[in-house]
1. Quick check on this structure: which one of A101, A59, A85 is assigned to a helix (DSSP H, G or I), in contact with a Lys or Arg (Cβ under 8 Å, 6 or more places away or on another chain), farther than 18 Å from S5 by Cα and touching a residue at least 12 places away in the same chain (Cβ under 8 Å)?
2. For the stretch 14-35, what are the residues that are within 9 Å of the chain's Cα centre (by Cα), surrounded by 15 or more Cβ atoms within 10 Å (Cβ to Cβ) and not hydroxyl-bearing (S, T, Y)?
3. Considering (1) in a loop (DSSP other than H, G, I, E, B); (2) out of contact with any helix residue (DSSP H, G or I) (no Cβ under 9 Å at 6 or more places or on another chain), say which one V90 fails and leave the rest.
4. In the stretch 62-76, which residue that is in a helix (DSSP H, G or I) and out of contact with any helix residue (DSSP H, G or I) (no Cβ under 6 Å at 6 or more places or on another chain) is farthest from P3 (Cα to Cα)?
5. With the condition kept exactly as written, say whether any residue in the stretch 42-51 is more than 14 Å from the chain's Cα centre (by Cα), closer than 24 Å to K9 by Cβ and either surrounded by 13 or more Cβ atoms within 10 Å (Cβ to Cβ) or among the charged types (D, E, K, R) (or both).
6. Take the residues of the stretch 25-50 that are free of Cβ contacts under 8 Å to residues at least 24 places away in the same chain and of a type in the set (V, I, T): which is nearest to V4 (Cα to Cα)?
7. It is to be established whether one or more residues within the stretch 29-45 are within 30 Å of P115 (Cβ to Cβ), assigned to a helix (DSSP H, G or I), out of contact with any Asp or Glu (no Cβ under 7 Å at 6 or more places or on another chain) and of a type outside the set (F, W, Y).
8. Residue by residue through the stretch 1-13, note down the ones that are surrounded by 14 or more Cβ atoms within 10 Å (Cβ to Cβ) and aliphatic (A, V, I, L, M).
Amino acid sequence: MSPVSTRQKVGLALAGLLSAANVTSIFFPTPDGEEGPPIVVLALSTVLGAIGLVAVVLAWRGGNRTAARIAAGTLVINVLASLPAFFVDVPVGVRLLAGVAALLSIAAIVLMLSPAPQPALDTEVLS
């Protein structure tokens, strides 16, 4: 357990927002006759979103680095699951959404896993 820096809190907030958005994905399946993510991907995204939310809360409240790593892992898996959107024939809006989510996920991971600031050494004690 270590104190959570402002940078890490920003990353955790981004991860929390992305995870919360993923939790709802199962409730918006692709309409019949349209191209979009299969129901299995939506279900995976929902489960990972729920796990990510719990991990974000644990990391925020106690500075739990393991929870932050779990939250980062859920974001990585969600980004990997969205990669096919760039290679199949889907609407531009879906590609744009997948791209923005991927960029926000990368930013959240970098911020969340950034090292915590180290306390300054008191030079008078060392003398």
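1. Being assigned to a helix (DSSP H, G or I), in contact with a Lys or Arg (Cβ under 8 Å, 6 or more places away or on another chain), farther than 18 Å from S5 by Cα and touching a residue at least 12 places away in the same chain (Cβ under 8 Å) holds for just one of A101, A59, A85, which is A85.
2. Selection gives L14, A15, G16, L18.
3. (2)
4. V76
5. Within the stretch 42-51 (the criterion being more than 14 Å from the chain's Cα centre (by Cα), closer than 24 Å to K9 by Cβ and either surrounded by 13 or more Cβ atoms within 10 Å (Cβ to Cβ) or among the charged types (D, E, K, R) (or both)), the answer is no, since none of the residues qualifies.
6. So the residue we want is V47.
7. Yes, the stretch 29-45 contains a residue that is within 30 Å of P115 (Cβ to Cβ), assigned to a helix (DSSP H, G or I), out of contact with any Asp or Glu (no Cβ under 7 Å at 6 or more places or on another chain) and of a type outside the set (F, W, Y).
8. The answer is V4, V10, L12, A13.
Values quoted throughout were computed directly from the atomic coordinates according to the rules given, and no laboratory measurement underlies them. These numbers come from a predicted model, not from an experiment. Here the Cβ is made from the backbone with ideal geometry for all residues, glycine too, and neighbour counts use every protein chain on show.
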